[in-house]
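Visitor: So that we are looking at the same thing, I have put the structure below in structure tokens.
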Amino acid sequence: QVQLVESGGGLVQPGGSLRLSCAVSGSIKIINAMAWYRQAPGKQRDLVALITRGGSTSYADSVKGRFTISRDNAKNTVSLQMNSLKPEDSAVYYCYANVERPMILSSRDYWGQGTQVTVSS
């Protein structure tokens, strides 16, 4: 099996910063794309940032210039540095990874349990 464990959420004032981290463990051959999604109450889960295995990144327009996604392929981790946080960034943030497992032909999507980020004064 494959597990994703997130850390780093919490309460922060507007304009502040937080760093989310996600560690992927288990039966792993290759981790392809990794990403962060978020879901606010009553809304759908949306893509925040994505990074390919080669390091190419893409961001939602609402976070461009404020958030930075990075990964460490040797450690199977992905991080999200969030700066200049706004109240509208408040949501549960989910880590995502597309993983190829040994002896299994197709890759599969895996999700973390989510971590709450609240931006409020």
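Please treat every number below as a calculation from the coordinates, not as lab data. Since the structure is predicted, the reported quantities are computational estimates derived from the model, not experimental observations. Cβ atoms come from the backbone with ideal geometry, glycine included; neighbour counts cover every protein chain shown.
Visitor: Would you list the strands (runs of 3 or more DSSP E) that sit entirely within segment 1-80 and hold 3 or more residues that are within 18 Å of Arg101 (Cβ to Cβ)? Outline the logic, then answer.
Guide: Working: elements: 2-7, 10-12, 18-26, 30-39, 46-51, 57-59, 67-72.
In segment 1-80, the matching strands (runs of 3 or more DSSP E) lie at 2-7, 18-26, 30-39.
Visitor: Name, by its number, the condition in (1) assigned to a loop (DSSP other than H, G, I, E, B); (2) in contact (Cβ under 8 Å) with a residue 24 or more places away in the chain that does not hold for Tyr94.
Guide: (1)
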